[in-house]
1. Please enumerate the residues belonging to the range A:426-444 that are closer than 23 Å to A:Lys389 by Cβ, out of contact with any strand residue (DSSP E or B) (no Cβ under 6 Å at 6 or more places or on another chain) and within 12 Å of chain B (Cβ to nearest Cβ).
2. Enumerate the strands (runs of 3 or more DSSP E) found wholly within the range A:267-356, keeping only those where 1 or more residues are assigned by TED's automatic domain parsing to the domain that holds A:Ala448 and β-branched (Val, Ile, Thr).
3. If only one of B:Asp289, B:Asp267 is more than 31 Å from the chain's Cα centre (by Cα), crowded, with 17+ Cβ neighbours inside 10 Å and either in contact (Cβ under 8 Å) with a residue 12 or more places away in the chain or closer than 15 Å to B:Asp335 by Cβ (or both), which one is it?
4. For the range A:254-264, enumerate the residues that are crowded, with 19+ Cβ neighbours inside 10 Å and either among the aliphatic types (A, V, I, L, M) or assigned to a helix (DSSP H, G or I) (or both).
5. When only residues in the range B:379-392 that are assigned to a loop (DSSP other than H, G, I, E, B) and not β-branched (Val, Ile, Thr) count, which is nearest to the other protein chains (Cβ to nearest Cβ)?
6. Look through B:Asn268, B:Asn301 and report the one residue that is among the polar types (S, T, N, Q), over 23 Å from A:Ser322 (Cβ atoms), in contact with a strand residue (DSSP E or B) (Cβ under 9 Å, 6 or more places away or on another chain) and more than 10 Å from chain A (Cβ to nearest Cβ).
7. In the set B:Thr298, B:Thr342, which member is in contact with a helix residue (DSSP H, G or I) (Cβ under 9 Å, 6 or more places away or on another chain) and farther than 21 Å from B:Phe437 by Cα?
8. Looking at (1) surrounded by fewer than 20 Cβ atoms within 10 Å (Cβ to Cβ); (2) within 14 Å of another protein chain (Cβ to nearest Cβ), find the lone condition where A:Arg278 falls short.
Protein chains: 2
Amino acid sequence: MTGSTIIKLLFSTLIFLLFMAYLLFMTSFQASQKMEIVPAKTNRLAPVPVSPRPCTCQPGSVQLKDRIPEDQFDKVYQRRKEEFEKWKKRTSSELSKLLLAPPNSPLQYPIQGFTVPPLRRCPIPGTHLTAPQVSTSPDQVHGDSLSLKLSTGEQSSYKVILNVRKGLLSADASLFTGEVILKGDGKAELTVESSSLKLLNAVLASVSYQSSFYHVHTADLASFSFENHGAQFPIIIRQPQLPVIFDMGADISSQVSITIKTFLRYDNLKELLSSIRRFYPNITVIIADDSIEPEKITGENIHQYIMPPAQGWFAGRNLAVSQVTTKYFLWADDDFIFSQSTKIEKMVEVMEAVPELDVVGGSVQGNTFHFSLEYDKGDETEGGCLYRKSHGRFHAIPGYPQCYLTSGVVNFFLARTDCIQKSRFDPLLKRVAHSEFFMDGLGSLMVASCSHVSIGHQPKKNSNQYNKFRKPTGGSEQAFKYQLHFFKNNLKCIKFG
Amino acid sequence: MTGSTIIKLLFSTLIFLLFMAYLLFMTSFQASQKMEIVPAKTNRLAPVPVSPRPCTCQPGSVQLKDRIPEDQFDKVYQRRKEEFEKWKKRTSSELSKLLLAPPNSPLQYPIQGFTVPPLRRCPIPGTHLTAPQVSTSPDQVHGDSLSLKLSTGEQSSYKVILNVRKGLLSADASLFTGEVILKGDGKAELTVESSSLKLLNAVLASVSYQSSFYHVHTADLASFSFENHGAQFPIIIRQPQLPVIFDMGADISSQVSITIKTFLRYDNLKELLSSIRRFYPNITVIIADDSIEPEKITGENIHQYIMPPAQGWFAGRNLAVSQVTTKYFLWADDDFIFSQSTKIEKMVEVMEAVPELDVVGGSVQGNTFHFSLEYDKGDETEGGCLYRKSHGRFHAIPGYPQCYLTSGVVNFFLARTDCIQKSRFDPLLKRVAHSEFFMDGLGSLMVASCSHVSIGHQPKKNSNQYNKFRKPTGGSEQAFKYQLHFFKNNLKCIKFG
């Protein structure tokens with residue numbers, strides 16, 4: 001058979017295949033449009049329940065709304081609702097919206113990492129492409145970002161539309177006058193039209209975005225469309241943060257301060273201080289003191305702060321931490337006592353090895369009283385469910401088998417001083433309070449509990465006066481705490497397990 | 001001409017068009033692959049410079065490294081480098097990587113908003129689809145998330161691969177035994193293969209992700225591929241945060257506390273206090289006092305905290321704020337004086353109208369001393385450039401023409417108490433310090449300056465002793481501040497304009 005016949009044969013085969021392809025595309029495309037999905041059988045592991053729906057209070061939970069005085073309930077409930085709405089406004093943005101990349105779209109666009117400073121014009125994909133903290137491996141970059149790449153036949157003209165909500169778009173078609181029609185340059189909606197796909201893409205590669213409003217951290221949503229194809233992608237508007245880092249200096253004294261809250265127990269305090277000085281002669285000690293009749297505590301690098309009487313536990317903790325100038329602070333109760341095994345350096349080592357950690361707890365008399373928190377935000381107007389699980393923990397820290405990630409630790413811990421920028425010791429909590437710090441910090445604080453560093457506990461010798469204050473009768477303190485959780489944490493119920 | 005002829009004619013035209021389409025697609029596709037982009041002419045507005053590259057210090061800037069004692073420089077520089085690296089680890093994640101949606105991919109996947117709690121199994125797109133804070137408008141949801149939708153011809157078999165780095169994938173093919181081959185269920189790489197696109201997609205719709213590690217906020221990157229088509233999408237791993245909100249109560253006293261730092265100026269302080277009581281008889285006043293010989297200040301709802309002598313300006317501010325239990329605190333210097341026009345309520349009104357605001361400044365004697373900060377992070381080892389621009393501001397707040405967004409304000413401001421969780425009054429700054437709070441908070445604090453609320457200033461009557469402390473000679477304080485900026489803020493130069 002002649003060459004020409006072969007060519008004819010090949011040609012017609014190709015034509016035939018193409019035609020089949022065309023038909024099949026049409027059908028499969030239509031099918032995919034209105035395909036009813038066979039429901040997947042529920043898997044063995046129970047998946048996370050879908051919100052919003054009320055959360056279930058575990059048996060033994062305290063129903064918090066029962067703890068709000070009836071006559072106040074409606075007003076309190078209303079105020080909580082309003083505050084929660086504002087909290088949501090502060091903590092969520094366009095970035096929480098679910099976006100999907102539609103299949104078979106000829107459009108190319110950035111789906112993540114396009115970040116612009118407020119009010120500054122940035123080419124898309126923008127400075128982030130090469131910003132230091134962005135490691136862009138080649139396989140992620142397909143040349144210029146915005147572009148139209150048709151897989152289907154050529155057309156006499158191509159028209160793409162790009163629009164944004166919180167900013168302005170600009171592009172440059174000056175090199176292609178007559179060949180590319182650019183509309184809306186400097187406006188929120190940009191239209192680029194051309195009979196040449198190549199030139200259209202060249203102009204698309206020049207598109208810049210500029211936010212119209214100042215905000216330290218928010219986002220815009222861009223819509224990009226061509227004919228019946230459309231896509232949305234996020235533009236993160238972020239004022240670059242000035243780093244705030246601490247100088248570790250050379251020795252432990254320039255790395256850690258010891259923070260103590262004391263109340264009426266000067267004997268204990270003095271014993272603690274002398275034990276500290278036995279092992280750490282120069283380390284700074286910050287004492288928050290709300291005793292009724294304050295007694296002067298002096299000593300090299302020992303700083304005593306006198307509070308109004310009985311301001312309370314967390315007020316004192318907050319005060320002490322507010323005065324720390326080192327990268328870390330070590331929390332100790334005034335009736336603890338340092339020993340050979342109170343090696344602060346070992347806690348610093350873990351922190352330095354895992355910079356994401358905020359708090360590392362040790363053990364008191366050989367016991368690590370860590371706990372995990374289970375939180376289900378449930379229905380937002382009704383409130384969430386919180387469960388404190390004693391001894392609960394997650395997994396060990398790689399390289400530190402004595403350290404486990406958890407939600408909260410004992411009263412003896414090392415913390416990054418700026419962890420207070422994630423969770424505060426709420427000064428409203430006057431007497432019995434500890435877990436509350438970790439509850440307020442749930443979702444912000446990275447906490448670990450380590451068993452290889454421990455501190456001692458002095459024998460109990462509390463004065464009656466001390467006990468009168470520390471352990472109030474009638475449970476008024478407890479009642480107040482439940483009311484606080486109801487409002488502050490938008491909770492429906494809480495269980496201490 | 002007969003019907004059959006017409007059909008033949010149409011058919012061959014169609015074939016011909018298809019063939020042309022095919023050829024043109026191939027060429028345009030190849031072209032697009034290696035298309036050299038015509039560089040866009042620089043637009044009239046200068047775009048943001050591309051990092052990393054050294055930033056340019058404006059004329060009049062202070063070169064900070066010249067302020068570090070030569071003999072210490074190398075060590076300090078090295079420590080700064082190390083701390084900055086750790087800071088980056090804490091503040092960046094996979095989420096800063098640039099990702100692009102490749103064009104003409106048959107794959108559908110979530111590009112944003114797929115958020116999972118750590119260690120919990122979540123169907124993709126996951127609970128976020130209907131989570132309260134996510135308003136998903138129908139046009140964004142294209143049925144099930146993960147799917148393969150071919151635009152090209154049918155095949156005898158389809159095989160997609162999905163893999164992740166920090167978690168495990170699971171899916172359910174139990175309904176389609178023999179029809180769908182599922183490999184790697186419960187592992188980091190999942191393969192789904194079938195001769196039916198419909199069944200393949202049904203199984204893809206059942207895919208779940210579960211992170212293998214506990215983290216409060218990090219991300220995984222999923223890779224999804226089919227033949228030569230690939231896509232990457234982020235999976236946000238986030239431990240849900242417990243809300244922390246304040247009860248505003250009913251009146252101004254339950255909404256705002258007044259915070260004051262005082263030093264040796266009891267006459268001024270007493271005048272301020274009596275002016276406060278003239279207009280706000282019950283509002284809580286918190287006084288941080290580091291006078292050499294403290295004098296007792298008493299009064300209903302007036303709380304005085306005695307610090308060790310001369311601890312300094314910011315230590316005192318930090319202390320005062322640490323004791324606040326109301327949603328807002330009002331900062332005032334001890335030589336200010338309340339007047340008719342010191343209407344705290346008006347500041348609260350602005351804050352409540354714009355929940356994202358952290359700080360609202362007023363005017364002192366009719367002057368609003370606001371400033372804007374221009375920060376270029378520049379080359380990270382060399383450090384960034386910071387420029388404080390007096391009177392600099394952005395745009396007015398909608399509805400409040402007297403209020404402009406800016407970077408920093410005067411010593412008289414209302415702040416959200418938890419703004420301290422974004423920026424701290426660095427206690428290392430002992431004497432002359434104010435802007436530093438807003439510098440440390442750049443990128444975190446939303447700040448506005450309002451001209452419609454003002455406070456008075458008492459006539460100067462400073463004792464020599466006061467001046468000796470407040471305005472140290474020899475500029476030792478200034479020298480220290482420059483060293484602090486060099487390290488703490490990873491800066492190369494700073495300019496006060």
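1. Passing the criteria: A:Asp426, A:Leu429, A:Glu436, A:Phe437, A:Met439, A:Asp440, A:Gly441, A:Gly443, A:Ser444.
2. Per the criteria, A:285-289, A:302-306.
3. B:Asp289
4. Once the filter is applied, which keeps residues that are crowded, with 19+ Cβ neighbours inside 10 Å and either among the aliphatic types (A, V, I, L, M) or assigned to a helix (DSSP H, G or I) (or both), the range A:254-264 yields A:Val256, A:Ile258, A:Ile260, A:Leu264.
5. If we take residues in the range B:379-392 being assigned to a loop (DSSP other than H, G, I, E, B) and not β-branched (Val, Ile, Thr), then B:Glu380 is nearest to the other protein chains (Cβ to nearest Cβ).
6. B:Asn268
7. B:Thr342
8. (2)
The values are calculated or read from the model by the stated rules, or taken from the named source; none is laboratory data. Quantities reported herein were computed from a predicted structural model and do not represent experimental measurements. Cβ atoms come from the backbone with ideal geometry, glycine included; neighbour counts cover every protein chain shown.
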